[in-house]
Amino acid sequence: MSKPRVVKDYTKLGEDILALIKLKYPFGFEKQLIRFKDKEGRFISALPFETEDRYYLIRMTSVQAKEVIEQDDDYNEDGNLTELAKKRLEDEISDIDIQ
């Protein structure tokens, strides 16, 4: 059985999913974006992310991907997740059930 696909904007994600995404992509999102066609046939760029139960496509442009990292204090000026943030996020997600 295939996983349900969930297409969402980055700004509408819960803190638990955001923590998992940061851990999966510690060096930023821009180079990880994919393109796909939506129901209306328009091309959309998105960050792929998979949990045990779902396959997420997180809508964002390349410009938005850069801005998210630049504005997030968990990433340093080089766009890399800091070690302090990594440890904190790992602790936060250790006891949550993602669905």
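Derivation of every value follows stated rules applied to the coordinates shown; laboratory data play no part. Here the structure is a predicted model, which is why all the values come from computation and not from measurement. Cβ sites come from the backbone with ideal geometry, for glycine too, and all protein chains shown count toward neighbours.
The table for this structure:
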read-out	value
Environment charge of V7, counting only residues whose C-beta is closer than 10 Å and scoring Lys/Arg +1, Asp/Glu -1	+2
Lysines with Cα under 30 Å of K39, excluding same-chain neighbours fewer than 8 positions away	K3, K8, K12, K22, K24, K31, K66
Theoretical ellipticity at 222 nm over the chain - DSSP helices of four or more residues, -39500 (n - 2.57) apiece, nearest 500	-9500 deg cm²/dmol
Cα-centred dipole magnitude for the chain, charges only on beta-carbon of K, R (+1) and D, E (-1), debye, nearest 20	800 debye
Percentage relative contact order, the chain, counting C-alpha pairs under 8 Å, at least six apart	33 percent
M60 long-range amide H proximity, modeled H, under 5 Å	S45, A46, L47
Positive minus negative residues near P26 (Lys, Arg vs Asp, Glu; Cβ under 14 Å)	0
Length released on extending from T11 to K37, taking residue separation times 0.36 nm less the Cα-Cα span	7.3 nm
Förster-model FRET efficiency, 22 Å R0, D73 and T51, C-beta, rounded to 0.05	0.35
